[in-house]
Amino acid sequence: MSSIADYRVYPLISSLETVECLEDQVHVKWADQRLSPFHYLWLRDNCPCSECVYGVTREQVFEIADVPENLRPHSAEIDPEGLLLINWEDGHRSRFEPGWLRAHAYDDASRQEQLERRGQKHYWHHDLDLPVFDYQGVMEEPEILLQWLLALRDIGLTQVRNVPTDPESLIALAKRISFIRESNFGVLFNVKPKADADSNAYTPFNLPLHTDLPTRELQPGLQFLHCLINQASGGDSLFVDGFSVARALQEEDPAAFRHLCEIPVEFRNKDRNSDYRCLAPIIALDARGEIAEVRMANFLRGPFTTAPQLMPALYHAYRRFIELSREPRFQFRRRLNEGELWCFDNRRSLHARDAFDPTSGVRHLQGCYVDRDELLSRILVLERQRML
């Protein structure tokens with residue numbers, strides 16, 4: 001029974017030193033003296049052999065419910081190749097490479113290392129050192145592409161320069177990550193004044209800080225805004241790190257933060273042919289309790305609906321969030337020029353636009369969306385390829 005390798009390469013951080021069988025788990029001692037427990041069911045569940053994992057798809061075919069809950073091994077040892085060998089009571093054998101085993105260990109120190117490898121959010125304010133990348137490098141160099149995507153993941157706001165200004169040239173850049181997410185505004189949307197506008201974005205009006213499509217169950221993860229031409233006066237871009245604002249609210253007014261995490265608000269986007277609505281909190285936390293998403297667009301918000309005793313608290317929290325986002329310490333402002341492109345995390349970075357004078361010159365931006373899942377997947381594949 002051969003081991004089915006993962007698509008990733010797991011370097012040998014530390015070799016196995018000793019193995020001890022206890023009542024319901026194996027204790028592994030590593031050469032660097034770390035001690036990692038592995039429960040028997042966990043080991044059986046993760047057996048990488050060809051009977052348990054289909055080698056073509058690398059997907060598991062074994063289900064843990066097919067073995068007794070009190071399953072135990074006859075023996076556990078380190079084999080001559082340095083792998084952990086488990087001989088199970090039912091005759092099955094499992095062999096685990098130490099690199100893979102260390103990468104998936106769940107002792108406290110190992111889980112902390114795994115968390116750190118996921119990347120750390122960099123909270124930013126008005127003095128952001130904007131990550132800037134060159135179009136040609138992103139298109140041609142995998143390492144530059146990876147650095148751009150890591151900045152998008154960890155900072156949530158980037159700029160790409162020297163982008164061709166041909167209409168639809170944005171598509172090639174977006175597809176360096178993955179496929180484009182289509183919406184009711186199309187695959188690409190053209191941000192310029194329209195007589196029959198179905199969004200305030202297609203007017204010369206000021207747009208307040210917002211995330212796009214909070215009216216959807218899943219807001220788009222990445223938003224691209226590519227400047228084809230900008231001759232108009234006004235229309236500067238404004239960005240705020242929604243995570244920084246949320247964290248400041250949590251520190252300065254914990255009750256208000258909690259209300260925005262717990263009380264759902266309805267956002268609506270309606271025109272002649274569509275009517276999108278989503279009821280969700282303004283701040284979403286992930287499984288670890290960390291800030292994972294901000295959902296905000298006052299011009300797309302419906303009337304609040306909550307228990308009468310909570311209504312004053314909701315208005316206080318909502319107003320406080322907006323007031324914080326207006327403070328200069330959070331606001332990063334920059335004009336987008338021809339051949340430049342914003343790419344940002346739409347579920348984190350609030351963006352706004354100053355009003356502009358359409359009689360002073362042409363202003364034409366093109367935009368599109370790519371989901372955050374595609375960004376994270378592309379990063380993992382690029383990192384995997386870099387290790388080969």
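General observations
- Some residue of the stretch 339-362 being of a type in the set (D, E, K, R), within 23 Å of Leu130 (Cα to Cα) and in a helix (DSSP H, G or I): no
- Within the stretch 90-120, the set of residues being among the acidic types (Asp, Glu) and over 17 Å from Asp6 (Cβ atoms) comprises Asp90, Asp107, Asp108, Glu113, Glu116.
- The number of residues in the stretch 274-287 being assigned to a loop (DSSP other than H, G, I, E, B) and free of Cβ contacts under 8 Å to residues at least 12 places away in the same chain comes to 2.
- Residue within the stretch 48-67 that is surrounded by 13 or more Cβ atoms within 10 Å (Cβ to Cβ) and under 19 Å from His27 (Cα atoms) present: no
- The test for being assigned by TED's automatic domain parsing to the domain that holds Phe330, among the hydrophobic types (A, V, I, L, M, F, W, C), surrounded by fewer than 22 Cβ atoms within 10 Å (Cβ to Cβ) and touching a residue at least 60 places away in the same chain (Cβ under 8 Å) holds for Ala256.
- When Gln25 is tested against (1) in the same structural domain as Ala103 (by TED's automatic domain parsing); (2) touching a His at 6+ places or on another chain (Cβ under 9 Å); (3) under 30 Å from Arg386 (Cβ atoms), exactly one condition is not met: (3).
- Residue list for the stretch 246-287, filter: touching a Leu at 6+ places or on another chain (Cβ under 9 Å), under 16 Å from Tyr123 (Cβ atoms) and not small (Gly, Ala, Ser): Leu249, Glu252, Phe257, Ile283
- Selected residue (criterion: modelled with the lowest pLDDT) from residues of the stretch 104-141 that are of a type in the set (Gly, Ala, Ser) and surrounded by fewer than 18 Cβ atoms within 10 Å (Cβ to Cβ): Gly119
The values are calculated or read from the model by the stated rules, or taken from the named source; none is laboratory data. What you see is a predicted model; the values in this text were computed from it and never measured. FYI the Cβ positions are ideal-geometry reconstructions off the backbone, even for glycines, and counts take in every protein chain you see.
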